[in-house]
1. Mind giving me the nanometre distance, one decimal, between the label points for Ile360 and Ser270, set 7 Å out from Cα along Cα→Cβ?
2. If I take every Cα pair under 8 Å that is 6 or more residues apart in segment 28-109, average their sequence separation and divide by the length, what percent do I get for the relative contact order?
3. Which value in nm describes the separation of the simple spin-label points at Asn96 and Glu166, placed 7 Å from the Cα toward the beta carbon?
4. Once both labels are modelled 7 Å past Cα along the beta-carbon direction, what's the Thr258-Ser369 spacing in nm?
5. With just the Cα atoms defining each centre, how far is segment 325-379 from segment 100-134? Give it in Å.
6. Counting other beta carbons within 10 Å of each Cβ, put Tyr202, Tyr432 in order, fewest first.
7. Within 10 Å of each residue's Cβ, count the other Cβ atoms and sort Ser439, Ser212 from fewest upward.
8. What are the ³J(HN,Hα) values, in whole Hz, obtained from phi via the Karplus relation 6.51 cos²θ - 1.76 cosθ + 1.60 with θ = phi - 60°, for each residue of segment 259-275 in sequence order, with x given for Gly and Pro?
Amino acid sequence: MACNDKQGVFEPITLPCGRTVALYEHLAHLFGGPPNRHHLSLYSQWAAFEWGMVITGNVNISPHHLTLARDLVLPSQHDAAGAEAFRALAKVMRGNGNRLAIMQLNHAGRQSPNVLGGRTPFAPPLGPSSIRVGSEHPATTDSQRMPTKGMLASLINWLMFQFPREMSLDDIDKVVDEFVRGAKLAVDTGFDGVELHAAHGYLLAQFMSSKSNQRTDNYSAQGLKLLHRIADGIRMSVPSDFVLGIKINSADYSSNETTLVFEHFRTIASWGLFDFIEISGGDYENPDFITSRLSSRQATFATFSQSAMQIVEGLPKPPLILLTGGLNSPNLLHSVLSSHHAHLLGIGRSAVLRPDIPEILRACSDWQSNELFARDPDLQAGTLRRVFDLLPPIKLIGAGVKMAWYTIGMRRLVGLLQESKCRLRGFPPVDYSAGALRSVIVMWAWFQPELDVIAPNIHRFWLRVIAMIAIGIMLAAAVSLPSFLTS
């Protein structure tokens, strides 16, 4: 490609708030907490290269609604140490350059699992309506309804996800206040902005779709009152140059809500409150953001983002469109920008394996190249297949294997950096030999944050041995359970 094509990727772009733009870590304590030394090491690796904007993984506003344990969680108002940890994270993310450090705020809502979500056993999570994850209800079509796998699958689904408690108006007010408090914390601790996570079936997305919202009051799925209250409250509480973004997707809506998707997008963009809108896809019932094949995924994103670009063109204060998902080669980056399907490009999983992608692009001589920055692992369930077959048909179960593999990849970056005590260059080859079973076990059999606090002198080898034995017993029990039930 010509030189001006490369400049298109590296050219600075100004957000509506006036600022210039020059990832799920699973690294916190088991039941959530502030950033720790592992987060600092990880984000310092990305800060070493020319990323224009770095967005954190989920920072949950509620310690009782975690996504899958080990989430970052907002500290309480009187937790000075927790606030200082976020200040250290913002400093590391910004590095020595002009990159923007953005905190992603989230509330899992009904998708917060039992126990691991931070609640006592079987305590219901909050949701817009009392509709359990995966439940059949009139708003879903036959193709969307989850197939039945029998009593055992229903039992496991019952154990994992409870029927949420429909939120009262007081509950809604508290959620608004917590999102605003999160933005204020971001300002106070040196972040350049926040992104509201209204995608992947989390609470804000739940309020936007009839799949999960059957309310008949002012907070029904047809309206966007909750989201507007949060965005407006943040804008009134932060400096004018503070960045405010939002992450949305079309897969959070049911198939008969195609028109509503674009109505919502047009309304959100017209508020003039957001500097950028990130377009992603999928939720726990259909997690395309983790598992979908690149071809169909890119086609979906391209169609939606192209329409989104057309919508914002005529607005007096248009937000920028940030496209994420499957952008794993120079040619794809060029294609999106040259087709005017987005203003900004987001790279997630490839950046885990190659944090130096900006340098790769700087040195790129052929922008038509389809050579991948880093290839996805070819993970087969293998010995876990019998276990997965017992689980309820929520696609995140299988998707979690790939998520586990990339989580290990992030910990690899942390470990390499701590061992070398300097910025990594060259990056040793990625271990593609890790299969599904090993990835899942290694992801969960990791207790270094707890060791840092309660047992710094215990050798990690013995802790891992104990953890692997415990997980092995659970897996063996799950595999043998069908034989026991039929004997």
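Readers should treat all values here as calculations from the given coordinates under stated rules, not as data from a laboratory. Computed from a predicted structure; not experimentally measured. Heads up, the Cβs are rebuilt from the backbone with ideal geometry, glycines too, and the neighbour counts pull from every protein chain shown.
1. Each label point lies 7 Å from its Cα, and together they span 4.1 nm.
2. 45 percent
3. Label-label distance for Asn96 and Glu166, simple model: 5.8 nm.
4. For Thr258 paired with Ser369, the spin-label model returns 3.9 nm.
5. Computed from Cα coordinates, the inter-centre distance equals 32 Å.
6. Tyr432, Tyr202
7. Ser439, Ser212
8. 5, 4, 3, 6, 4, 4, 4, 4, 5, 4, 5, 6, 5, x, 9, 9, 8
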